[in-house]
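> Have a look at this one before I ask anything.
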Amino acid sequence: MLRSSALTRWSLPLLLVGATAWCGQALAEGREQVQEPPATSWKFEEIHRSPAAEARQGVAVDAAHCYVIDNREIGKYRLDNGERVASGRAPKADRSPI
């Protein structure tokens, strides 16, 4: 029993050192394979801006309309001229204690 205990005492640290060395080698090789993305010539150009009272949380767009979203309100605007064509408002939540 003493022999197997001594074997375990020495083999576990050696196994950990070997596994660490192998992982370090694998990571180093992986870093060499990772290529930096090429420099792009992306350019942002604003083509249109429309004011919208509800635009505080998010925006969604389809082919003809832009939907602007707030916590309790949503507005629907035409893309061609920015005219508001519909809106909706959720009732204020009752926050009374239970």
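Only the coordinates and a few stated rules stand behind these numbers; no lab work does. Source: prediction; values computed, not measured. Here Cβ is always computed from backbone atoms with ideal geometry, including for glycine, and neighbour counts include all displayed protein chains.
> Pulled fully out, how much extra length does the chain show between residue 41 and residue 53, if you take 0.36 nm times their separation in residues and subtract their Cα-Cα distance? Intermediate results must be reported in sequence, preceding the final value.
Numbers: separation 12, 0.36 × 12 = 4.32 nm, distance 3.39 nm.
That pair, residue 41 and residue 53, stretches by 0.9 nm at full extension.
> Arranged from highest to lowest average of other beta-carbon atoms within 10 Å per residue, in what order do the peptides 70-82, 52-64 appear? If you can, show how the numbers build up before the last one.
Details: 70-82: 14.5, 52-64: 12.4.
Sorting 70-82, 52-64 by mean packing, highest first, produces 70-82, 52-64.
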